[in-house]
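Comments concern the structure below.
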There are 4 protein chains.
Amino acid sequence: MKRNRAGICVLVLAAPLLLFSIDPAAAAEQGQPGEGSAPPKARVLVAYYSRHGNTERFAEGVAEGARRVPDTLVTVKRVEDVVKEDLQAADAIALGAATYFAGIPGTMKTVIDDWNWKWKVDFTDKVGGAFSTGGGQTGGKEFVVVSLLMFMINNRMVVAGPLYQDAEGEDIWGEAGASAMTGPLDPGVSEKELDAARLLGERLATLARKLRSAQPRLP
Amino acid sequence: MKRNRAGICVLVLAAPLLLFSIDPAAAAEQGQPGEGSAPPKARVLVAYYSRHGNTERFAEGVAEGARRVPDTLVTVKRVEDVVKEDLQAADAIALGAATYFAGIPGTMKTVIDDWNWKWKVDFTDKVGGAFSTGGGQTGGKEFVVVSLLMFMINNRMVVAGPLYQDAEGEDIWGEAGASAMTGPLDPGVSEKELDAARLLGERLATLARKLRSAQPRLP
Amino acid sequence: MKRNRAGICVLVLAAPLLLFSIDPAAAAEQGQPGEGSAPPKARVLVAYYSRHGNTERFAEGVAEGARRVPDTLVTVKRVEDVVKEDLQAADAIALGAATYFAGIPGTMKTVIDDWNWKWKVDFTDKVGGAFSTGGGQTGGKEFVVVSLLMFMINNRMVVAGPLYQDAEGEDIWGEAGASAMTGPLDPGVSEKELDAARLLGERLATLARKLRSAQPRLP
Amino acid sequence: MKRNRAGICVLVLAAPLLLFSIDPAAAAEQGQPGEGSAPPKARVLVAYYSRHGNTERFAEGVAEGARRVPDTLVTVKRVEDVVKEDLQAADAIALGAATYFAGIPGTMKTVIDDWNWKWKVDFTDKVGGAFSTGGGQTGGKEFVVVSLLMFMINNRMVVAGPLYQDAEGEDIWGEAGASAMTGPLDPGVSEKELDAARLLGERLATLARKLRSAQPRLP
């Protein structure tokens, strides 16, 4: 019997999702909404503020990347349309903005300032990531990413950025988020820039799934 | 038999550490160094650069907070003394610095610049947090915290800060890290400031444990 | 005659304001509004967004410091009450904010986002400085200062912070702006914190006067 | 006589440099090193830290822009080669760096940390600007610019960035500094990116000249 138990444990360690598909009772233990025998899905919310459509297009790239991760439910919304339930349900949130004088647009900040204070959403341990669009190589789009990360950390989230490696696999690194240059020098959102958005989405979904798998295990 | 399996699964979900203590073979599956039937411990490294001892004292506060979390192994080291094995073994890393003109001291940055590039440490998904000391209310100690977080995100870590709530439990929030004002206005590191250090340590250890419990379960 | 001219030149170099009081024609050259024989005054605008009154009190400190500099006209206004003429007339602008999740309050950012885009104010070479209030030692009040400075640089201003020196006059340094900790650890705005506000105001007024004295001299 | 004096004053106001070329005594009043009857030149120091040559090339762009401004002496040096006299003589300093994990390279920071503390250089009111190179759209090169600006503000400098306007002259704005993307997506330093460097240099030289013209006039 001991050997049997060990065998099952290995199974648990190696493939809990498989286990859940065998045994609905275990899934039910996690308090998931009734999804039959399906594994619990990680939910990723992509919320953005777009002026001319560039940030919207970039948001779609983030969503696309998140969808690459199995068992991920992705919602993409204008930040003005996000409701309390979206935030509560999300395991990961990607926030994106156009760059207004090197900062988060006031209209967007006004919306998100309410999420904790007025709506009383508890963001503890949700995964956060940020993206932005803006003109100019040094026009503030990276500072917007940092500002959004700071907003999320100050809302108790854990934050991360996309992962990179060079062609030779010799160097590996991360970035603070994803952004696209949309000014006169480099108009629109290019395919290559969308790759960064996709990597961000993929990273957030992966982390969300990982943290979700851990959550029930700790008091 | 199915019921039995479910019973074990519930056990796994609710208390994997207990399971490991029953069955050493399962623990071995995780590739842990031989700790007998003990649960895998989360390792927290607190690495700091101190000029006058304030940052060192603050680092001890971070370590103290991390030790509050069960099953946590905490190492505190001057950043110059950190070796590759410390970094590789760490599930969470807290980096702390004195403030040099609103930035990370050059001597410290020189050391940590090598960790990925020369030492080839892979920091992916390690938990990161930051602390600092500095004179003045706006003298750069918070910017040092942000700079250290940026360093860690760009090294593929996930970063977070300490969690707070007001006395009434009505408001909850986080901060980007922990810092102590050590200039003429407010010399030394006070007990109240150390509380922030402890909260940071506790937060990082909790997240490290959480992510560690999830790690073996995903491909 | 050469000696005479030299004498006048020395006068010009040493004390242009005195010269103007002798000779209104010279003042008129500067295109100043008719202030008789008075020297052109540097105008400092202190604009703030306050939630509970702390930032308002801090703004008064900035204004007090600016008034220490001779020939300075200081205006203090809630950011919502600032009109286009205030901005155009100002030689220096101090922007201050309460800290909302480590960022500029959305309501304030919405107001100032319009200043350049909609109101078409030209901020080129105006002197900028920033201040903030917020709870917590690492709760984002310094990041708000940096964010406000970034806003101003991206609006073509030149920015600076208050100047400090230690008691022995051995060390001298600056800070990015001024801020007060107003959370549970250290409620309200203390006298010592107001000193930082005053130093910021004094610094901005001094720079405004300096740049104003230079402006008419260059093509 | 009064008319005469006014005439001279107008001359002073409109073209002080011309005046100095007429009257060396006036120039001597400014305590300039003996440059005969020449106007006092504004000195711009471009100091950089380059790894692969990209930042060096970008530094040359900054210098080129600064030289566009009449009466400007430009010095370009590796940051390791800068001596105390370079810093003391400079009216403006442009600092540039390659991006090391979203921060100033440690080797560079170690050098510049000493400038005030050990070398006791007084940077008060010198004009500062920043530039950087780095791979990736969100890889930290803008955060390096912000970090360098923070370093300079905390060294008592006034900082500014390049000025922009759109083709129609309808929108005007500034940026925090200049940077070039040098990673795989966009290797090397392009002509268009160099334009940003040139604008930064031009801006710093213009401000340096402006502040220099004002300096002797205030107590």
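Quick rundown of the values:
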read-out	value
Shape of the range C:84-157, Cα gyration tensor, a/c cut at 1.5	prolate
Of all chain D residues, the one whose C-beta is nearest the axis that brings D onto C, in angstrom	D:ALA214, 2
Of B:LYS77/B:LYS109; C:LYS84/D:LYS41; B:LYS141/C:LYS192; C:LYS84/C:LYS126; A:LYS210/B:LYS41, pairs whose Cα-Cα distance is over 25 Å	C:LYS84/D:LYS41
Residues losing 50 Å² or more accessible surface upon assembly, the range B:126-155, compared with the chain by itself, 1.4 Å	B:GLN137, B:THR138, B:GLU142, B:PHE143, B:VAL146, B:MET150, B:ILE153, B:ASN154
For the range D:167-212 versus the range C:158-219, the gap between their alpha-carbon centres in whole angstrom	28
In the range C:103-150, trypsin sites (Lys or Arg not before Pro) in a DSSP loop with at most 14 other beta-carbon atoms within 10 Å	C:LYS118, C:LYS120
Within-13-Å neighbourhood charge of C:GLY183 [Cβ basis; K, R +1; D, E -1]	-4
Ascending list, in nanometres, of distances separating the B:ARG67 label from those of the other copies (7 Å, Cα toward Cβ)	5.1, 5.4, 6.2
Alpha-carbon centroids, the range C:39-115 and the range A:69-138: separation in whole Å	29
Per DSSP, loop GluC sites (Glu not before Pro) in the range B:113-219 with at most 16 further Cβ within 10 Å	B:GLU168, B:GLU170
Cα-based shape type of the range D:111-219, given that a ≥ b ≥ c are square roots of the gyration tensor eigenvalues and the cut on a/c is 1.5	oblate
Size of the D/C contact, given as accessible area buried on both chains, probe 1.4 Å, in Å²	5200
Per residue accessible area of the range A:115-160, 1.4 Å probe, in Å²	16
Three-way shape label, the range C:31-161, alpha-carbon gyration tensor, a/c 1.5	prolate
Across the identical copies, how the C:PRO187 labels are spaced - nm, sorted shortest first, 7 Å along Cα→Cβ	2.9, 5.7, 6.3
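The values are calculated or read from the model by the stated rules, or taken from the named source; none is laboratory data. Computed from a predicted model, the values in this text were never measured in an experiment. Counting neighbours? That spans all protein chains shown, and the Cβs are built from the backbone with ideal geometry, glycine included. Accessible surface areas use protein heavy atoms only, side chains included; no ligands, DNA or RNA. Shrake-Rupley method; radii C 1.70, N 1.55, O 1.52, S 1.80 Å.
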